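K.L.:
Here it is, the structure in full.
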Amino acid sequence: MKGIRAPSDLPGSKQTVTSTNPTPAKSKSLRADLRLNETTHAPLDVSSDELEVLTELLESERAKLQIEIRHTDHRSYRAQLRERLAIVERLKERAKEG
């Protein structure tokens, strides 16, 4: 599974944060990166086919995050993954409504 890239990673950097070896210095910046922007945006106009693909992608990410949460030994990284999972679940619910 690919790690979540922290915002402090530069485009030329190969380092990623994973559950097996998270870097404590990056955990705070990663947490900030996982939060959704608080501003409200216009609804996303998508076709039914696009909505179906989006829902499938969100479900796939949800399943991957649940596995990653179970396998990580680091409490702070697990909390970050749970925050991301909550965002994915909210997006999936919103996609169902649309």
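Only the coordinates and a few stated rules stand behind these numbers; no lab work does. What you see is a predicted model, and the numbers here were worked out from it, not measured in a lab. A quick note on method: Cβ atoms are made from the backbone with ideal geometry, for glycine too, and the neighbour counts reach across all protein chains shown.
K.L.:
How big is the Kirkwood radius of segment 46-98, worked out from every pair of different alpha carbons and given in Å to one decimal?
P.N.:
It is 11.7 Å.
K.L.:
Something else now. Taking neighbour counts of Cβ atoms within 10 Å as a proxy for exposure, in what order, fewest first, do VAL88, VAL46 appear?
P.N.:
By the 10 Å Cβ count, ascending, the order reads VAL46, VAL88.
K.L.:
Follow-up. Among SER60, ILE87, SER48, whose Cα sits farthest toward the positive end of the charge dipole of segment 46-98 (+1 at Cβ of Lys/Arg, -1 at Cβ of Asp/Glu, about the Cα centre)?
P.N.:
Working it through, the farthest residue towards the positive pole turns out to be ILE87.
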